[in-house]
1. Regarding segment 105-115, can at least one residue be identified that is hydroxyl-bearing (Ser, Thr, Tyr) and open to solvent by 10 Å² or more (accessible area, probe 1.4 Å)?
2. Go through (1) under 28 Å from VAL6 (Cα atoms); (2) open to solvent by less than 40 Å² (accessible area, probe 1.4 Å); (3) in a helix (DSSP H, G or I) one by one and return the number of the condition ARG211 breaks.
3. Going through segment 1-22 one residue at a time, which ones are within 25 Å of GLY217 (Cβ to Cβ), assigned to a strand (DSSP E or B) and within 11 Å of ligand 2 (Cβ to nearest atom)?
4. Does VAL20 count as within 13 Å of ligand 3 (Cβ to nearest atom), among the β-branched types (Val, Ile, Thr), under 19 Å from VAL256 (Cα atoms) and open to solvent by less than 10 Å² (accessible area, probe 1.4 Å)?
5. State whether one or more residues within segment 214-221 are within 16 Å of ligand 2 (Cβ to nearest atom), within 22 Å of the chain's Cα centre (by Cα) and either open to solvent by less than 20 Å² (accessible area, probe 1.4 Å) or over 30 Å from ILE365 (Cα atoms) (or both).
6. Condition first: part of a helix (DSSP H, G or I), within 16 Å of ligand 1 (Cβ to nearest atom) and touching a strand residue (DSSP E or B) at 6+ places or on another chain (Cβ under 8 Å). Now tell me which residues in segment 261-296 satisfy that.
7. Select, from VAL7, VAL73, VAL31, VAL19, the only residue that is away from ligand 1 (no atom under 16 Å from the Cβ), within 19 Å of the chain's Cα centre (by Cα) and touching a residue at least 60 places away in the same chain (Cβ under 8 Å).
8. Pairs under 8 Å by beta carbon, first residue open to solvent by 10 Å² or more (accessible area, probe 1.4 Å) in segment 317-328, partner among the acidic types (Asp, Glu), six or more apart or different chains?
Amino acid sequence: MTCVAVVGSQWGDEGKGKVVDLLSEGADLVVRFQGGNNAGHTLVVGGESYALHLVPSGILHPGKAAAIGNGVVVDPDVLIGEIEALAARGVEVSPRTLTVSSAAHVIMPYHRALDAAREAAGPGRVVIGTTGRGIGPAYEDKASRQGLRMGDLLLPERFASRARSAILEKNALFANLYGLPEARLEELEALRGRWAEKLGPYIGDARAVLREALLAGKNVLFEGAQGTQLDIDHGTYPFVTSSTTLSGGACGGAGVPPGELGRGKILGLVKAYTTRVGEGPFPTELAGGQGDRLREAGREYGTTTGRPRRCGHLDAVAVRTAVALSGISSLAVTKLDVLRGLGALRIAGAYRLDGAELAYMPQDISDLARCEPVYREFGGFTEDISRARRLSDLPSGARGYLDGLEELCGAPLGLVSVGPERGETVMLESFF
Ligand code: GDP
Ligand code: IMO
Ligand code: MG
């Protein structure tokens, strides 16, 4: 039995979906453990593209078991829509293969409304540039014990009493601060009925599914969402998401003991350059034309919101920090092909702050804002690398860049992705 956790080492969108799909071949169970439909994971198989937000990216492998763990926040309408859209394309998602934890929290319409109202509130409020999916407000209710869980959808009376309590404060806020219509209990109860009918058969004990898989010696793949620099504690707070995006998040968010995770492999996803969506510091960001070139070459527009992603040089300080926080045992480098023909390439190997060189990111964003990246330069390459399947197939310019990346990020390469398709990959390690 092996556990493999796939986590983002940057600001999300590193290509986790592609890699999870690829590794799912050898997995028996694929588990999401945090985040919600703020995630957008794109998989390309046989020329067909699939954008997944909640359903684990192992789903394209027929018959694989998948679970949405207790640490995920679930928007039931999005999950229903995703299951139906997959079915319409011939991908079977059934309660036999997908278990949604009864302890996963529900994103309610009032969470989305609150998320949007805060982002639009204007002067005096910090704008995060969230995905607007209600993620933060849903996690707030979880922490303040006002949340509704997926299991509550199956218990009408408990749902009604908890929902009644949850909307008391929300409605005061909506009426007095944001001028929004109140949430109405009858409407929420009607939603519950519809959600329970569609999702009821999927709701169960995901923790037990995981435990049984571990006891039976099965291979389990944990699919992280977002990335290290968006972690609620270790990211660029407050410009972060509301969950633990590190490998350790799988312990609380799915119920895997740390020792099991530690005996397995932790794969850190590294896009060959850096992108970020939303507000917040980004030391290696490229302004103007150079950033635009990278955005167009890499088609850097959000899977979830369609927003243009901010683009910049690879920041090895950020990745090295992620390696330390998540115990990353190897790196999956993605989108190397995008750097073709972009001339000389740079990687930030350190930051300079007040005359000192830093190897790791400072935790406070005021310090981070004052950091100057210290770059190493590499020759780059002009060849098409999408057909490379071994390191030796890569031109020397690409090899030189990968050698520098490996050295500066501080973990060995496990795989290199040279195109969006499942097969466009150089495998350097076996995972299961
Ligand atoms: P995730 O959120 O980490 O799963 O990443 P996204 O799916 O949001 O963004 C990654 C994008 O890059 C998707 O459109 C993928 O299809 C695409 N992609 C993944 N790996 C590669 C690669 O090696 N080369 C290219 N050109 N595209 C890739
Ligand atoms: P995947 O899994 C990139 C960003 C948002 C915003 C901040 C907070 O596809 O890598 P939220 O809606 O979570 O409250 O927004 O986090 N963000 C992501 N950026 N990829 C993601 O997911 C993201 N999920 C959230 O843009 O800056
Ligand atoms: Mg994404």
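The values are calculated or read from the model by the stated rules, or taken from the named source; none is laboratory data. None of the values given here were measured: they were computed from a predicted structure. Because the Cβ atoms are built from the backbone with ideal geometry, glycine has one as well, and the counts that use them run over all protein chains shown. Please note that ligands, DNA and RNA were not included when accessible areas were found on the heavy atoms of the full protein model with its side chains. Shrake-Rupley method; radii C 1.70, N 1.55, O 1.52, S 1.80 Å.
1. There is no residue in segment 105-115 that is hydroxyl-bearing (Ser, Thr, Tyr) and open to solvent by 10 Å² or more (accessible area, probe 1.4 Å).
2. For ARG211, the exception is condition (2).
3. Keep residues of segment 1-22 that are within 25 Å of GLY217 (Cβ to Cβ), which gives 1-7, 19-22.
Next, from what is left, pick out any that are assigned to a strand (DSSP E or B): 3-7.
Across segment 1-22, the qualifying residues are VAL6, VAL7.
4. Details: within 13 Å of ligand 3 (Cβ to nearest atom): yes; among the β-branched types (Val, Ile, Thr): yes; under 19 Å from VAL256 (Cα atoms): yes; open to solvent by less than 10 Å² (accessible area, probe 1.4 Å): yes.
The answer is yes for VAL20.
5. Yes: segment 214-221 contains one or more residues that are within 16 Å of ligand 2 (Cβ to nearest atom), within 22 Å of the chain's Cα centre (by Cα) and either open to solvent by less than 20 Å² (accessible area, probe 1.4 Å) or over 30 Å from ILE365 (Cα atoms) (or both).
6. LEU294, ARG295
7. Of VAL7, VAL73, VAL31, VAL19, the one residue that is away from ligand 1 (no atom under 16 Å from the Cβ), within 19 Å of the chain's Cα centre (by Cα) and touching a residue at least 60 places away in the same chain (Cβ under 8 Å) is VAL73.
8. Partner pairs satisfying both residue conditions: LEU325/ASP231.
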